[in-house]
Structure formats: structure tokens, C-alpha cells
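The values are calculated or read from the model by the stated rules, or taken from the named source; none is laboratory data. Note that the coordinates shown come from a computational prediction; the quantities given were computed from them, not determined experimentally. With ideal geometry, Cβ positions are generated from the backbone for all residues, glycine too; neighbour counts draw on all protein chains shown. Remember, those area values only see protein heavy atoms, side chains included, never the ligands or the DNA or RNA. Shrake-Rupley method; radii C 1.70, N 1.55, O 1.52, S 1.80 Å.
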Amino acid sequence: MNSLTSALPSEGELFRKVLGPAWQNLHRDIQARFAHNPEPDKPLYYRGFLSELHCSWLGKIIGFLTMPLIDGALIPYNDRDFPVDIMVYGKAASPAIFKQRIYHLHGRKPIQFTSYMQESERGEVLEYVGLGLGMKLRLHVQDGDLYFTSDGYFWDVAGWRLPIHGIFTPGKTFLCHRNDSPTQFNIRIEIRHCLFGTTFTQVGVFEQIAAPAYANANHQSNPTAKSHT
């Protein structure tokens, strides 16, 4: 299914709706990339390499403190030139879009982290990282590239979104999805604290791949596995 109409929720459908007319200003390769939607039992897979993974002294503290709660969301290590596997999928009974990342750092066990994104009742893009913690995202297009900027963190308790003051968060998140070619794109993520500057940075290049052998084996042995929220 290679259109923006899918049986499952998709990033492409959500981003096109939120961006409105600005969607047409996106590079055509980015539009085509987000036109590939996950299908039931057929996730999308991406393989990438991070040229930079960096955190400040404050980032290390925040990363280690939050590790027991949201392991992998804030990685408290510095590394470079290592692979990352990404799987994007949906669930039939859920409006959310799930994204699982596996970071293969040098000399460490792989770090797995899954977040999910969905549209709020007010048309906002929300990304949840676990335990009801999440952030609101604003999207815009600049020079054909897609930018995401966090617009406040919150804790969702029984459907109530309780705002978290910026000083008590890792910082404001900035993400740029920039096109390199029809088959490759690069991502830069920076999290900047209002008092202590940049706390986390990730820079890497990615491309969509066919389902890897391990994914087919996992699906055959346990088709409901790998769904972490």
C-alpha cells in the first residue's frame, strides 16, 4: 500500500493533515517517503548510522536518573559511527503510530526504545515516551525539509495532560528531517535546556530497508511481540 490512505494510522497522514498547504512545500522525496505506510503485520523498517551521539554532564545525570522509567529515551552515553534499527508500525485497535529504535552502541548491549505518536482531540501532534510522559510537537517546512519542535512536556494522568515546567525537563527538542536522495535522509536531534544549553544531540543518516531476517523470525514465533509503550 503506497498511498496516504492506510488501514492503520500513519505518520504521513498525520503530518499532511497537520501541515495543511505547507505539505506541498516539502521536498518531493520526503513526501514520497511518508507515503509508504505500515500495513497490518507489515511494519516499515529503516537502517541508519549515527555519526554523533552526545550528551552533556546534565544530560548524563538526567539519562541515568530516568533510565529505570523510560530506558532508551535519553541515552546517557557518548558514541559515534554505530548502527541504528528503526521499526514503524501500527496496531489495529489503536490510533497511535509506534516507532521502535534499537541503538547498537560500541561495547554495550543494544538499547531499545519505543515511543508512540498520535493526534490529540484538538489536532495537536503528541509523542509519548512512556509512563504517560510526552511532549507536544509543532511541525513546519523550511527549504523543503521537515522540522519538529517541542512545545511543552506533559504527564498524562487518566486523560488529563498535566504540564511540566521547562526547567524540570531535559529541554526543548529540535528535530530536522533533511533529504539526501530518494533513498536516503539525515536526521539531527538537539535537546536544549533553558538554563544549561544543549543536553542531548543525535546526528545520523537513514534509509528504508526490506524486513530484516530477524524481524520475520520474530513475527513467525510471536506475532504480538515487540509492542512496547
In the range 193-209, which residues are surrounded by 16 or more Cβ atoms within 10 Å (Cβ to Cβ) and closer than 24 Å to G166 by Cβ? H193, T198, T199, F200, T201, Q202, V203
Residues being part of a strand (DSSP E or B) and modelled with pLDDT under 95 - total across the range 124-155: 1
Which of the residues that make up the range 140-184 are out of contact with any strand residue (DSSP E or B) (no Cβ under 6 Å at 6 or more places or on another chain) and within 16 Å of T199 (Cα to Cα)? G166, I167, F168
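Tell me, yes or no, whether the range 84-106 has at least one residue that is part of a helix (DSSP H, G or I) and closer than 27 Å to F200 by Cα. Let's see the steps before the verdict.
Residues of the range 84-106 that are part of a helix (DSSP H, G or I), as a first pass: none.
For the range 84-106, residues part of a helix (DSSP H, G or I) and closer than 27 Å to F200 by Cα: absent.
Which count do you get for residues in the range 118-136 that are in contact with a helix residue (DSSP H, G or I) (Cβ under 9 Å, 6 or more places away or on another chain), among the hydrophobic types (A, V, I, L, M, F, W, C) and either farther than 22 Å from K91 by Cα or open to solvent by 20 Å² or more (accessible area, probe 1.4 Å) (or both)?
First, pick out the residues of the range 118-136 that are in contact with a helix residue (DSSP H, G or I) (Cβ under 9 Å, 6 or more places away or on another chain): 118-119, 123-125, 129-131, 133.
Now narrow it down to the ones that are among the hydrophobic types (A, V, I, L, M, F, W, C): 125, 129, 131, 133.
Now restrict to residues that are either farther than 22 Å from K91 by Cα or open to solvent by 20 Å² or more (accessible area, probe 1.4 Å) (or both): 129, 131, 133.
Residues meeting the conditions: 3.
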Restricting to the range 54-110, name every residue that is acidic (D, E) and either open to solvent by less than 30 Å² (accessible area, probe 1.4 Å) or at pLDDT 95 or above (or both). D79, D81, D85
I'm trying to understand the selection: among the residues of the range 183-198, which are touching an Asp or Glu at 6+ places or on another chain (Cβ under 9 Å) and touching a residue at least 24 places away in the same chain (Cβ under 8 Å)? T183, F185, T198
